[in-house]
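The values are calculated or read from the model by the stated rules, or taken from the named source; none is laboratory data. Not measured: the values here are computed from a predicted model. For neighbour counting, all protein chains shown are included, and Cβ atoms are generated from backbone atoms with ideal geometry for every residue, glycine included. Heads up: the accessible areas ignore ligands, DNA and RNA and are worked out on the full protein's heavy atoms, side chains in. Shrake-Rupley method; radii C 1.70, N 1.55, O 1.52, S 1.80 Å.
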Amino acid sequence: NNYMDIHALAHSNKRDVWEIDTKNLLIQEDHLLGNGAFANVFKGIVKGKIPLFIVNNSLNLIVESENNGHFDAAVKKLPAHADEQNHLDFFHEIDFMKRLGHHPHVISMLGCVSNPIEPLIVVEYCQRGDLLKFLRRHKDYVLMNKNDECPIEADMCLRIKDLVSIAWQVADGMSYLASKNFIHRDLAARNILLTKSLTAKVSDFGLCRYMDSALYTAKGGRLPIKWMSVEALKLYEFSSKSDVWSFGVLLFELFSLGDVPYPTIQQVDMLDHLLAGGRLGQPLKCPNEIYQIMTRCWADKPDERPEFNEMRGEITVMLNFDD
Ligand code: ADE
């Protein structure tokens with residue numbers, strides 16, 4: 001039964017290098033970073049002289065770097081009303097984060113608490129929060145031309161090149177995930193986090209799955225309809241190529257500064273809309289080269305969509321272009 005599974009999982013996680021002693025963890029309960037139906041995220045501090053484990057991907061070594069400082073962190077918790085399935089999903093996410101390894105454009109787990117009653121996931125803190133809210137805050141402060149001056153505080157202004165850079169970083173993080181055969185299934189601006197220096201990190205692995213075969217089929221549950229590909233909507237088929245579709249929708253969010261996709265279409269009508277050829281239009285501030293990438297992400301046939309590393313290469317060319 002599920003209850004046993006949770007205990008077995010929690011037990012198997014005990015004493016491993018990821019485990020954080022709760023006495024070294026301060027959760028700032030009055031500083032809510034985000035809340036969803038399935039988890040609450042609080043600002044936290046990992047304190048004291050704790051070993052910080054960094055998994056070196058290529059060598060699979062665990063490097064211990066000691067520090068006496070305090071690490072800013074984000075602490076993910078189950079809500080009080082969580083049921084057994086939510087607990088299982090949460091332990092699945094812990095397990096997933098352990099296997100993820102480290103990449104600059106993917107959120108890293110600093111540690112976890114795998115206590116079966118109140119498990120916690122502790123990840124690196126991203127000061128500027130999620131990309132969707134960030135875009136909406138900056139909507140009126142986008143500079144279009146090279147010589148435009150920012151009329152207000154300098155760091156409130158964004159240039160098209162900053163958006164292109166964010167697109168590059170997300171493509172980079174996603175090509176890492178795809179290379180490890182992980183599918184995200186919930187790639188969207190709300191699930192990208194930004195650090196103080198505007199580094200973008202792919203986050204929220206609640207729906208993430210490791211694929212043994214090239215395709216993952218999952219029915220039901222909470223699904224991000226407007227970010228889903230035709231085959232995901234129709235057949236519940238997920239792959240790196242359905243993540244590529246979602247990346248196209250994310251590019252739309254990025255260059256429209258946080259517009260809602262297909263605002264006039266009901267979720268239940270999305271499949272028919274896509275089958276009839278309906279696609280998102282080019283946002284006002286979206287360069288043509290980016291819109292061309294977006295439309296290729298929305299090819300009917302998954303095979304006809306580009307790979308993440310291919311798109312990363314194309315966006316690199318745009319970034320090196322001196323406008
Ligand atoms: N909201 C959700 N996760 C976060 C994180 N790691 N840093 C900042 N805000 C967040």
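Observations, loosely collected:
- Residue in region 147-167 that is within 16 Å of the ligand (Cβ to nearest atom) and assigned to a loop (DSSP other than H, G, I, E, B) present: no
- Assessment of region 248-260 against the conditions (surrounded by fewer than 17 Cβ atoms within 10 Å (Cβ to Cβ), under 15 Å from residue 131 (Cβ atoms), β-branched (Val, Ile, Thr) and at pLDDT 95 or above) yields at least one matching residue.
- Tabulated pairs, region 198-210, first open to solvent by 40 Å² or more (accessible area, probe 1.4 Å) and within 12 Å of the ligand (Cβ to nearest atom), second of a type in the set (Lys, Arg) and at pLDDT 75 or above, C-beta under 9 angstrom, 6+ apart or interchain: 204/190
- Checked against (1) buried (at least 18 other Cβ atoms within 10 Å of the Cβ); (2) closer than 23 Å to residue 205 by Cα, residue 318 passes all but a single condition, namely (2).
- Take the conditions (1) open to solvent by 10 Å² or more (accessible area, probe 1.4 Å); (2) part of a helix (DSSP H, G or I); residue 279 misses just one of them, which is (2).
- Selection within region 282-306 - open to solvent by 90 Å² or more (accessible area, probe 1.4 Å) and within 20 Å of residue 238 (Cα to Cα): 300, 301, 303, 304
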